[in-house]
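Below is one structure, written out as structure tokens, with a few remarks after it.
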């Protein structure tokens, strides 16, 4: 069964958890260049999520677009790092699991707030999407976006190169006042615009929300769109201890929060920053209980 059919027929699908914070625990930088520099460690994290019971793995290619790579002088090739990211996820997935090609922000701002046009963003996202598609991913996930306009550029790029499913999630800083991203986009505005542009599923990930807050965003989206909804919260709200950002929600409490997201209407659920294979394993147990 292809991923599109799976999304349409299975009541709940489980995405994986955090990659960057897991690599940090191993003593590595959290960047996606690890697909080239430390591929065995990336593969190990992917495998741990497969073993935990998730249905879908996400490639470790979050910001591996040309604008982000070049502006941060990461010293990796756009094509090589995306092909490597897809290969590692597919190797860990094995039969019966799906792989989503991960696309996220350029790290730049669109005009008039920044110096880049929507065409420039579209072109850099299209290049990345084409490389991920050539590596035979089952679909795409555009995530951790703070600007709806940038998310729409990425969605359009994915749609123009493929008919595969495209999940799109934005990061919200508050669930108050209709939910807001850093750029002021509301949950309703975001969901409506993305569905009109052809997103297979929409939702929320990361941000400054805990799972219960994320469930409020999901509830707002459910009221205005009729597509599958995605919830990938962090393991609680981030807080600083010294110079480290920590997420300390227990796996059990996280699973309870994911249950709230499901009750609010989410059918694709997983974890973002601070989540571990144990968090995902607890979600598996919770879903089985339902």
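The values are calculated or read from the model by the stated rules, or taken from the named source; none is laboratory data. It should be emphasised that the depicted structure is a prediction, and the values quoted were computed from it without experimental measurement. Heads up, the Cβs are rebuilt from the backbone with ideal geometry, glycines too, and the neighbour counts pull from every protein chain shown.
For region 39-74, the candidate set comprises residues that are over 26 Å from residue 166 (Cα atoms) and either surrounded by 16 or more Cβ atoms within 10 Å (Cβ to Cβ) or in contact with a strand residue (DSSP E or B) (Cβ under 6 Å, 6 or more places away or on another chain) (or both); within that set, the residue that is modelled with the lowest pLDDT is 74.
For region 11-29, a residue qualifies if it is in a loop (DSSP other than H, G, I, E, B) and free of Cβ contacts under 8 Å to residues at least 40 places away in the same chain, and the qualifying residues are 26, 27, 28, 29.
Can you tell me which residue is nearest to residue 251 (Cα to Cα) among those in region 196-212 that are more than 17 Å from the chain's Cα centre (by Cα) and in contact (Cβ under 8 Å) with a residue 24 or more places away in the chain?
Filtering region 196-212 for residues more than 17 Å from the chain's Cα centre (by Cα) gives 196-198, 212.
After this cut, where a residue has to be in contact (Cβ under 8 Å) with a residue 24 or more places away in the chain as well, the list is 197-198, 212.
Numbers: 197: 35, 198: 34, 212: 14 Å.
Checked region 196-212; the qualifying residue nearest to residue 251 (Cα to Cα) is 212.
What do you reckon, is residue 187 under 23 Å from residue 72 (Cβ atoms), crowded, with 23+ Cβ neighbours inside 10 Å and in contact with a helix residue (DSSP H, G or I) (Cβ under 6 Å, 6 or more places away or on another chain)?
Working: under 23 Å from residue 72 (Cβ atoms): no; crowded, with 23+ Cβ neighbours inside 10 Å: yes; in contact with a helix residue (DSSP H, G or I) (Cβ under 6 Å, 6 or more places away or on another chain): yes.
No; evaluated as a whole, the condition is false for this residue.
In a residue-by-residue description of region 161-174, the property of being surrounded by fewer than 24 Cβ atoms within 10 Å (Cβ to Cβ), over 21 Å from residue 232 (Cα atoms) and touching a strand residue (DSSP E or B) at 6+ places or on another chain (Cβ under 7 Å) applies to no position.
Here residue 70 meets each of (1) in a helix (DSSP H, G or I); (2) more than 19 Å from residue 154 (Cβ to Cβ); (3) free of Cβ contacts under 8 Å to residues at least 12 places away in the same chain with one exception, condition (2).
Can you find a residue that is in a helix (DSSP H, G or I) and either in contact with a helix residue (DSSP H, G or I) (Cβ under 7 Å, 6 or more places away or on another chain) or over 22 Å from residue 248 (Cβ atoms) (or both) anywhere in region 51-58? Yes - at least one qualifying residue is present in region 51-58. With the condition kept exactly as written, say whether any residue in region 214-222 is in contact with a helix residue (DSSP H, G or I) (Cβ under 7 Å, 6 or more places away or on another chain), surrounded by 22 or more Cβ atoms within 10 Å (Cβ to Cβ) and in contact (Cβ under 8 Å) with a residue 60 or more places away in the chain. No, region 214-222 contains no residue that is in contact with a helix residue (DSSP H, G or I) (Cβ under 7 Å, 6 or more places away or on another chain), surrounded by 22 or more Cβ atoms within 10 Å (Cβ to Cβ) and in contact (Cβ under 8 Å) with a residue 60 or more places away in the chain. Only residues that are part of a loop (DSSP other than H, G, I, E, B) and closer than 20 Å to residue 205 by Cα were counted in region 30-45, giving 3.
Considering each of 236, 270 in turn, give the residue that is modelled with pLDDT under 95 and buried (at least 17 other Cβ atoms within 10 Å of the Cβ).
Details: 270 fails: modelled with pLDDT under 95.
Checking each option against the conditions leaves just 236.
Which residues, taken from region 109-131, are in contact with a strand residue (DSSP E or B) (Cβ under 7 Å, 6 or more places away or on another chain), crowded, with 18+ Cβ neighbours inside 10 Å and within 17 Å of residue 148 (Cα to Cα)? Of everything in region 109-131, those that are in contact with a strand residue (DSSP E or B) (Cβ under 7 Å, 6 or more places away or on another chain), crowded, with 18+ Cβ neighbours inside 10 Å and within 17 Å of residue 148 (Cα to Cα) turn out to be 110, 121, 125.
If you check 198, 178, which single one turns out to be touching a strand residue (DSSP E or B) at 6+ places or on another chain (Cβ under 8 Å), surrounded by fewer than 19 Cβ atoms within 10 Å (Cβ to Cβ) and farther than 25 Å from residue 279 by Cβ? Working first, answer last.
Working: 178 fails: touching a strand residue (DSSP E or B) at 6+ places or on another chain (Cβ under 8 Å).
Of 198, 178, the one residue that is touching a strand residue (DSSP E or B) at 6+ places or on another chain (Cβ under 8 Å), surrounded by fewer than 19 Cβ atoms within 10 Å (Cβ to Cβ) and farther than 25 Å from residue 279 by Cβ is 198.
Would you mind stating whether residue 254 is in contact (Cβ under 8 Å) with a residue 60 or more places away in the chain, buried (at least 17 other Cβ atoms within 10 Å of the Cβ) and touching a helix residue (DSSP H, G or I) at 6+ places or on another chain (Cβ under 8 Å)?
Details: in contact (Cβ under 8 Å) with a residue 60 or more places away in the chain: no; buried (at least 17 other Cβ atoms within 10 Å of the Cβ): yes; touching a helix residue (DSSP H, G or I) at 6+ places or on another chain (Cβ under 8 Å): yes.
Judged against the criteria, residue 254 is not a match.
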